[in-house]
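Undergrad: Sharing a structure, written as structure tokens. Questions coming.
The values are calculated or read from the model by the stated rules, or taken from the named source; none is laboratory data. Note that this is a predicted model, so its numbers are computed, not measured. Cβ sites come from the backbone with ideal geometry, for glycine too, and all protein chains shown count toward neighbours.
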Amino acid sequence: MQEYCNDKITRVLDKYPIVLNKARKRFVILFILGMIKLRSVQFCEVSQGLNDKVKAQSNEKRIQDFFRQVNLNYEQVALLLSMFIPRKKKVTLCIDRTEWDFGKCQVNILMIVVRCQDITIPLYWEMLDNKSGNSNTEDRIKLLKKCIKILGIKRIGLFLGDREFIGHKWLKFLKEQGILFCVQIPKHHKATVDNALHSEKYKIEQLLEHRTVVKVKDCMVDGVWGNVYAKRLKDDILYLFGTAHLNYLAELYRKRWRIEVFFQNIKKRGFNLENTHLRCFVKLKKLLALVCIAYALVVNMGLYHHKKVQAIPLKNHGYKANSFARKGIDLIRDGLRRIWRCNIDLYFQWVEKFFRWTILNPNKFTIP
């Protein structure tokens, strides 16, 4: 089964050369499958499933050499990841940061993910060396321009961000690009509303007054004109601003939660990225690239199995028993452990169909 997956993924890496050397391509495949099999990114763990024909110490040395010596083509990585996004569909981009500490090393990652229908795929990210501080406008604009180059401006239907991603220059850039956006605004930012005779600035508490929800069309926040939605919560105020339709701002903003789920999947539930002992940001960026490729593979594997083979059952609370990512991980791990031995031909059949559906013929990729 592992040789079969190697062959299929090799054909993919031939189309998107994130590394050029053939031996390095094979290593990338083995490392990705090893992470999925062991559900870990720690080199000592992945080495146990990298190559059964050599000692684990030799595998670990090979891993260390790769991360020390090899440079990845991150533009090709983004092209590879974009292949997993349904074609000819409008997408939603979500931006956020995630961070964790390992001793004195503070890991801080700025990332943009693509949400389209049932899946979320990472696209571009940057390691921030600012002691867990917020990103700046230049970082965001640079990252978004790369996404626009890959996807095209017409495919971006919506852009979402939390209260960190604000500021006149940033919001003005989104509006000038013609991208509909919805971001959360800190409640101390005032909104300028046009009255009959003049414009007046209001705090969000003033606009709410004694109401639970308020919607204001065509007002200015941070020097940019758009729409405002505000709602009183138990201990806070949800304050949204954007150029998206006023009546749908709250509903659209809920979609931002998908990036939080993605972070949970790669940091805890799926690959335990937080357990890495790497402190070098160059190596961490390489590791994150391989984790993102593995995640895109398993989430599409789970989606394909759900739509084409057997639907994931619903629990009493109405949610699926497993996420697509978890289902994809379980399927690949089952195949690598050969527990499908009695039905291996059937297993090969649907894996072959999966690769045709989502990878080997990317131009025909559509979700039924």
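Undergrad: Does Ala296 qualify as being among the small types (Gly, Ala, Ser), in contact with a Pro (Cβ under 9 Å, 6 or more places away or on another chain) and either in a helix (DSSP H, G or I) or over 30 Å from Leu180 (Cα atoms) (or both)?
TA: Yes: the conditions hold for Ala296.
Undergrad: Okay, next question. Within the stretch 57-96, which residues are more than 29 Å from Gly133 (Cβ to Cβ) and among the aromatic types (Phe, Trp, Tyr)?
TA: The answer is Phe66, Phe84.
Undergrad: Being more than 14 Å from Lys285 (Cα to Cα), touching a helix residue (DSSP H, G or I) at 6+ places or on another chain (Cβ under 9 Å), surrounded by 19 or more Cβ atoms within 10 Å (Cβ to Cβ) and modelled with pLDDT under 90: is that true of Ile85 here?
TA: Judged against the criteria, Ile85 is a match.
Undergrad: Here are Leu171, Leu158: which of them is farther than 18 Å from Glu260 by Cβ, modelled with pLDDT of 95 or more and either under 15 Å from the mean Cα position of the chain (by Cα) or surrounded by 16 or more Cβ atoms within 10 Å (Cβ to Cβ) (or both)?
TA: Answer to the check: Leu171.
Undergrad: I need the full set of residues from the stretch 98-139 which are under 11 Å from the mean Cα position of the chain (by Cα) and basic (Lys, Arg), in order please.
TA: Residue satisfying the conditions is Arg115 alone.
Undergrad: Another question about this same structure. Where the second residue is in a loop (DSSP other than H, G, I, E, B) and at pLDDT below 85 and the first is within 19 Å of Tyr295 (Cβ to Cβ) and lies in the stretch 15-41, which pairs have Cβ atoms under 7 Å and are six or more apart or on separate chains?
TA: Leu30/Leu50; Leu30/Asn51; Phe31/Leu50; Gly34/Gly49; Gly34/Leu50; Lys37/Gly49; Leu38/Gly49; Arg39/Gly270
Undergrad: Are any residues in the stretch 32-54 at pLDDT below 90 and either over 19 Å from Leu20 (Cα atoms) or surrounded by fewer than 19 Cβ atoms within 10 Å (Cβ to Cβ) (or both), and if so, which ones?
TA: Of everything in the stretch 32-54, those that are at pLDDT below 90 and either over 19 Å from Leu20 (Cα atoms) or surrounded by fewer than 19 Cβ atoms within 10 Å (Cβ to Cβ) (or both) turn out to be Leu33, Gly34, Ile36, Lys37, Leu38, Gln48, Gly49, Leu50, Asn51, Asp52, Lys53, Val54.
Undergrad: Further question: Would you pick out the residues in the stretch 53-76 that are aliphatic (A, V, I, L, M), outside any loop (DSSP other than H, G, I, E, B) and touching a residue at least 24 places away in the same chain (Cβ under 8 Å)?
TA: Once the filter is applied, which keeps residues that are aliphatic (A, V, I, L, M), outside any loop (DSSP other than H, G, I, E, B) and touching a residue at least 24 places away in the same chain (Cβ under 8 Å), the stretch 53-76 yields only Ile63.
Undergrad: Conditions first: (1) of a type in the set (A, V, I, L, M, F, W, C); (2) outside any helix (DSSP H, G or I); (3) over 21 Å from Thr276 (Cα atoms); (4) not assigned by TED's automatic domain parsing to the domain that holds Gln184. Leu50 passes all but one, so which condition is the exception?
TA: Exception for Leu50: condition (3).
Undergrad: Report those helices (runs of 4 or more DSSP H) wholly inside the stretch 177-293 carrying at least 2 residues which are in the same structural domain as Ile148 (by TED's automatic domain parsing) and over 30 Å from Leu72 (Cα atoms).
TA: Qualifying helices (runs of 4 or more DSSP H): 204-208, 249-253.
Undergrad: From the set of residues in the stretch 303-325 that are in contact with an Asp or Glu (Cβ under 8 Å, 6 or more places away or on another chain) and either more than 24 Å from Gln76 (Cβ to Cβ) or at pLDDT below 85 (or both), which is surrounded by the fewest Cβ atoms within 10 Å (Cβ to Cβ)?
TA: For the stretch 303-325, the residue satisfying everything is Asn322.
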